[in-house]
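Here's the structure, in structure tokens; my notes come after.
The values are calculated or read from the model by the stated rules, or taken from the named source; none is laboratory data. All values reported here derive from a predicted model rather than from experimental measurement. Don't worry about glycine lacking a Cβ; one is built from the backbone with ideal geometry, like all the others, and counts go over all protein chains shown.
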Amino acid sequence: MSTTLGVSRPDQAAYMLRAAAGAGRGYKRELMNLLDVRPGQTALDVGCGPGTDLSALAERVGVSGTVIGVDRDSVMLTEARRRTKDLSAVEIREGDAHSLPVAPGSVDRAKIDRVLMHVAEPADVLAQLRLVTRPGARIGLVEPDWDTLTVDAEDLDTSRAFTRYTTSEVVRQATIGRSLARHAEQAGFTVETVIATTPVFLDFQDADHTLGLGRNMQQAIQDGHIDQERGHRWFTSLSEGTFFASFMLVSVICTR
């Protein structure tokens, strides 16, 4: 029996770009529309990663506006700079979401997309976001709720065990999606819109790459959460016949 399940851990920049082009395309388009970014404004992308959304923001702020992309990962920053080297409106800054390298009260529009689930203290990040935004600023927050991860399999108990492992061991703030509006209000923002969408995966290979079905199952086995034979049998069954997986993604639009 193979000791490795599914695809290996992908290059993080490539992973984020692929996710944005696939399951993330619809919600990102809706987020951009709801943010209502206008020419001449300053827009902030916290945890910009490889620069997935920077060009779209730059297009909206125009030549008189500014887009600030912040990330702490040097590999991500390098890729973001490469992708935006011809966009004069874009500034890439190294920094942590808990201590943003942005002047207080200088931002008109801001977004945090699938970043709070990874941070140590979401409340501190949102407090930073409130500090750097102007009164009346518009903010978009997007986070998944991994407790809603559903993977269809005849062995339903193992699918549930996989979701429990993902929630308890893999993702730091795994249920931040469901509490996103509450966190925003507690940070002093006014919540205007809350939208729940459900990305659907019908292709096994795509789901394995994006959701980490194999690599996370392998880790669950190594950590003693799921029996090895049971885990391998579950993973193998997913590649045979019709495949379905989904989870809930929550978008919150709020104002300062």
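Things worth noting here:
- The single residue among Thr42, Thr52 that is in contact with a helix residue (DSSP H, G or I) (Cβ under 8 Å, 6 or more places away or on another chain), crowded, with 20+ Cβ neighbours inside 10 Å and modelled with pLDDT under 95 turns out to be Thr52.
- Taking first residues from the stretch 135-148 that are modelled with pLDDT of 95 or more and partners that are acidic (Asp, Glu) and not in a strand (DSSP E or B), the Cβ contacts under 8 Å between residues at least 6 apart in sequence or on separate chains come to Arg138/Asp36.
- Scanning the stretch 100-113 for residues that are touching a residue at least 40 places away in the same chain (Cβ under 8 Å) and assigned to a loop (DSSP other than H, G, I, E, B) gives Leu100, Val102, Ser106.
- Checking each residue in the stretch 171-213 for being modelled with pLDDT under 95, more than 19 Å from the chain's Cα centre (by Cα) and surrounded by 20 or more Cβ atoms within 10 Å (Cβ to Cβ) picks out no residue at all.
- Identity of the residue in the stretch 17-29, assigned to a helix (DSSP H, G or I) and farther than 11 Å from Val142 by Cα, that ends up modelled with the highest pLDDT: Arg29
- Scanning the stretch 160-197 for residues that are in a helix (DSSP H, G or I), within 17 Å of Asp113 (Cα to Cα) and without any contact (Cβ under 8 Å) to a residue 60 or more places away in the chain yields one hit, Arg182.
- Filtered residues of the stretch 129-158 (kept if crowded, with 20+ Cβ neighbours inside 10 Å and not in a strand (DSSP E or B)): Leu129, Val132, Thr158
- Counting only strands (runs of 3 or more DSSP E) that sit wholly inside the stretch 37-99, those with at least 3 residues that are touching a residue at least 24 places away in the same chain (Cβ under 8 Å) and charged (D, E, K, R) are 90-94.
- Residue check for Asp71: buried (at least 16 other Cβ atoms within 10 Å of the Cβ) and closer than 23 Å to Gly136 by Cβ: no
- Flag if Ala123 is more than 18 Å from the chain's Cα centre (by Cα) and surrounded by fewer than 22 Cβ atoms within 10 Å (Cβ to Cβ): no
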